[in-house]
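What follows is a single structure, written as structure tokens, with notes after it.
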Amino acid sequence: MDQTEPERAESRHVSLLNEHREDGSWLNLDAYLDSNGTLRIVGQDLGAVTEFISSDGEYEYFYTIAAEDVPALVNALGGQPGADVLDVLARNWSGDASYGVGRTIESSGVKYHFANYF
């Protein structure tokens, strides 16, 4: 399995964004915590919203944070020590707030891996 792909069969999941726009675009952002404690944030944008980056109308992206780095990310995301990262994401980073989660991860100082396809 590609390391950027979430292990959905054995993971906990929260949906952060599922937005259908009038122009037919669809934006989706999910977070998964796999059985090893690795956090995977998976985004998929379809339609006109991707025009600036994708000629085929699809853009997918992935943030992966190793289990040992998740507690630091919880702190960076505004959670309390020991809080469940999926609960913090659902509470603080869903809906419109989800648009800022990538920038927050990137500026947090927490180790992460980013990959995308377009």
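Here the stretch 13-117 was treated as a single set of alpha-carbon atoms; its pair distances binned every 5 Å from 0 give 2, 13, 23, 25, 17, 10, 7, 2, 0 percent. Here the peptides 59-72, 102-115 are ranked by packing, the mean other Cβ count within 10 Å, and the order with the highest first is 59-72, 102-115. For the stretch 26-41 versus the stretch 48-118, the inter-centroid distance based on Cα atoms is 9 Å. Phi-derived couplings, Karplus 6.51 cos²θ - 1.76 cosθ + 1.60 at θ = phi - 60°, listed residue by residue for the stretch 51-67: 3, 6, 10, 9, 7, 9, x, 9, 9, 10, 8, 9, 10, 10, 10, 4, 3 Hz, with x used for Gly and Pro.
Throughout, read-outs are computed from the coordinates displayed, never taken from laboratory work. Here the structure is a predicted model, which means the values were calculated and not measured. Virtual Cβ from ideal backbone geometry, glycine too; neighbours counted across all protein chains shown.
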